[in-house]
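This report concerns only the one structure given below.
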Amino acid sequence: MAPYGDDVNYGDYLMSQNYYLFTNMLSEEETRIVTSIIHHIERGGRRVGIQKIANENFVSSTFIINMCKRLGFDGYSELYYYLSQHVQRNNDSRGFDSLKKLVDNYDDSQVIQFCEYLNRFKEQKMFVDGKGFSDVVADYIAQRMAVCGFMVFNRVHFYDFMVFHENHLGPQTNIEPSIMIAISQSGETTPLINDVKTARQHGFKIVSFTRRGSSTLADISDLTFVIDEEKQSLVGDLPNHFFGHVILTFEELMGCYFRGEKL
């Protein structure tokens, strides 16, 4: 049941103004109750029960149930679920806002596509590739993904993972297609480009991070995130924020993925 009818999105109103300016709808006591529920949701963990909320705010569970019904909900569970959904959307919005500041060619569809790739291939072997300074970033990404439960490989040329069979069909592999994440500041690093081309030949989706949107890497990638865009980038540039910004971008992308998984 939607509170206050279909024309009023009460959840969005609660999420605005830092959750606190809803005195037109709630009494001071009711405001404390709703704020308490939201704080529990934001901290994560198991769903908090009505009795705990009642005890924290020195009211009875009946008081909370009556408040829920007055607001148009069937009961506490429906209010809790409704608030959870809108807290989630609010958190997603923050993540998207952060990405907009980090990614020069940002588009919402990029984030959605990245999350879809992770979800589609989460049971497959994945690869991260970077050379030179980018290898440090690749190592970070591989370790971060491994901690999050993905099977990720790094620091080895892609073809070293392949098992070839010489027959009339040409080179074959027992590695199922998934994702390769490639990092190159210039987008023209030859060993990395060769790995990416090999991966593409075997059906892998390529997600790249580069400073040059008009580069070989960007051209052969399925999804490209352009960070600190420069037409001509030099490794010796100081300060060089590219590598740090790639890590921050990846953290935000993973945050979007896992927030989506909880919905």
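If you take the alpha carbon atoms of segment 30-138 and fit the smallest convex hull around them, that volume is 172 Å³ per residue. Placing a pseudo-label 7 Å from each Cα along the Cα-to-Cβ vector at D237 and K52 gives an inter-label distance of 4.9 nm. The distance linking segment 57-81 with segment 186-256 is 50 Å (Cα centroid to Cα centroid, whole angstrom). Pairs of lysines in segment 46-139 whose Cα atoms sit within less than 26 Å of one another amount to 4, provided the residues are eight or more positions apart or on different chains.
Determine, for each peptide in 219-230, 202-213, the mean count of other beta carbons within 10 angstrom over its residues, then list the peptides with the highest first. Before the final figure, lay out the partial values.
Details: 219-230: 19.0, 202-213: 22.1.
Final packing ranking: 202-213, 219-230.
Modelled this way, with points 7 Å down the Cα-to-C-beta line, the labels at D104 and V147 are 2.9 nm from one another. The stretch between E123 and Q85, if pulled fully straight at 0.36 nm per residue, gains 10.9 nm over its current Cα-Cα span.
Every number in this text was worked out from the coordinates using simple rules, so none of it is lab data. A quick note: this is a predicted structure, and the numbers were derived from the prediction, not measured. Don't worry about glycine lacking a Cβ; one is built from the backbone with ideal geometry, like all the others, and counts go over all protein chains shown.
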